[in-house]
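Before any comments, here is the structure.
The values are calculated or read from the model by the stated rules, or taken from the named source; none is laboratory data. What you see is a predicted model; the values in this text were computed from it and never measured. Glycine gets a Cβ as well: all are built from the backbone with ideal geometry, and neighbour counts include every protein chain shown. Ligands, DNA and RNA are stripped out before the accessible areas are found, and what is left, the full protein with its side chains, is counted by its heavy atoms. Shrake-Rupley method; radii C 1.70, N 1.55, O 1.52, S 1.80 Å.
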Amino acid sequence: MSHTEETLRQSALNIKRSFQEGSGSSQSGELWEVVKVELHDLLKKYSLDFPNEQMKIFNDPIHGHIELHPLLVKIIDTPQFQRLRHIKQLGGTYLVYPGASHNRFEHSLGVAYLAGCLVKILHDNQPELKITRQDYLCVQIAGLCHDLGHGPFSHVFDGLVIPKAKKQKEIRGLPDDIPEKWKHEQMSVQMFDDIVTGLKTENKNVLKEHGLDDTDVTFIRELIEGAKDSVAEWTYKGRDYDKSFLYEIVANKQNGIDVDKWDYFARDCHHLGIRNSFDHQRLLKFARVCEVKEKKRKHICFRDKEADNVYEMFRTRYTLHRQAYQHKICNIIEEMFAEALVLADRDLREGKPEDMLKISEAIKTAEEYSKLTDEIFEQISSSTAENLQESRNILDKIVRRKLPKFVGEARLTEENISKEDLTETWIVAVQNYNLTDPTVSLKAKELPVYVVDLDHGMKDKNPIESVYFYSKRDPTQASTIKDYQLSSFLPNKFYEKLVRVYYRRTDDLTAEDKMEEKKKVEEAEKCFEKWCAEHFGLRV
């Protein structure tokens, strides 16, 4: 029994005792029945326990047996949500790490579960927060639906494909109706609205039956998008200012600590075979809501002794990006895949040929977007359309592992250098390079430059400076951690930029051509080392 339930039950017993000790009037029994009904309704409102027969159990490899509410199951059983079974969690990383075959589907279940865990802990430990069943369900639903808007190969779509399509429209002078800085969260909200509409079509009272209304739907939308920390006044409609902390659970724009990360850190490390040193289960136990004076708002805070564990969370993010998400081969495969999709996009062609694919224009409606999954890879590969030939050739190179050759990588010591500046100096370096083997030639267009940003979640800032901690002595007040409370082994820098150069391979090489290619790559490597030593203070 939770602390809240025990408090309410004790209150009921106290009231009943007062009636029994009263004058014994005939009305006392009737009054007690009225009070009992009201207390029962109050208990039902603030209890987060649901009958076991209502809950559905899922066996998850990361969190074990998890229970989800029947309303969540209704959402899971929609085509919009089932679509997530066909979208790889880590995009092109699967083509480098064979174990990383997990999908957005199971990640979304995990986030919903962890969202429920965090809400329950806050509810049980701090009944004064007045967290209701409706709050609990809304936060869980937001966790479940937060990734509905991911496109083919996850972040490849909104991170590479859409920006490339937008640039092509600009170059070709085509009408550009792609929103500026389009992100998958925007489509997640559209897909969620589509699910709600569909459920209401089947049963117009589906939300009401579970205690939710239109305000709760608005709340879920806001949770998916995340509340900005910089807002001067509380402008959100779903919940009042006193429950602003609920907006930090699924998508935390205050400091990046949210259950979305907790799940994908554990899940991705498991499937990648990378050790996870961050303990989200322990951090859950030490979460509580405190009033932060300097922010004049309630925030989810953590016990001060958990500072090192919190730092491990940020470090895990960096490690996963460095070793997997931004792996040198993963990145080039994803670049190739994005190029193939842009070439296959009929919205970028005059007349919009029917034998091409709706890709960038599919973001206009949830109905069209729901057809976009990783299966587009096979659709292009198995197509015989002439207009998709270039795309097929690129995908064929990925399958046959005919990838650009990695030439070199260096960490930039000057952080303000743009990709354009790097490319310009690289072109000059290639042109001025004195070949050690005069039988080969180097061309800058065959040696493209790529730039990779790596950080701990907040660019060049130390992310732990944005996290609030409370002490055992005073758990009601929270503040940022002091330097002396952290390990002296922590880094001084939290952001780095890498520059990478690849050699674009030519097709169908003869044995003689392969020898020529090998010599070119060797020369390119020497040129790269010389460039790193002479320009911008780079080091290999």
Extreme residue, positive dipole direction of region 295-390, given options H299, I376, T316 (C-beta unit charges):
H299
Enumerate by residue number the GluC sites (Glu not before Pro) in region 142-241 meeting two conditions: DSSP loop (anything except H, G, I, E, B), and at most 11 other Cβ atoms within 10 Å of the site's Cβ.
E180, E233
Given a 1.4 Å probe, the accessible area of the chain per residue, as a whole number of Å², is 49 Å²
Per the helix-only model, the chain has a calculated mean residue ellipticity at 222 nm (DSSP H runs of ≥4, -39500 (n - 2.57) each, divided over all residues, rounded to the nearest 500) of -14000 deg cm²/dmol
Judged on accessible area alone, 1.4 Å probe, highest first, E350, E446 line up as E350, E446
Heavy atoms of T365: accessible area, 1.4 Å probe, square angstrom to 10:
60 Å²
What ³J(HN,Hα) values, in whole Hz, does the Karplus curve 6.51 cos²θ - 1.76 cosθ + 1.60 give for region 115-131 when θ = phi - 60°, with x put for Gly and Pro?
4, x, 4, 5, 4, 5, 5, 5, 5, 6, 7, 9, x, 5, 6, 6, 6
Looking at region 128-166, which trypsin sites (Lys or Arg not before Pro) are in a loop (DSSP not H, G, I, E or B) and have at most 13 other Cβ atoms within 10 Å?
K130
Considering all projection directions equally, how large on average is the shadow of the alpha-carbon convex hull of the chain, in square nanometres?
31.7 nm²
For region 277-397, build the convex hull from the C-alpha positions and give me its volume per residue in Å³.
198 Å³
Show me 300-313, 74-87 ranked by packing, highest mean number of other Cβ atoms within 10 Å first.
300-313, 74-87
Where does each of 105-118, 447-460 land if you order them by average Cβ count within 10 Å, highest first?
105-118, 447-460
As a test question: what accessible area, to the nearest 10 Å², does I257 have when a 1.4 Å probe is rolled over all protein chains in place?
10 Å²
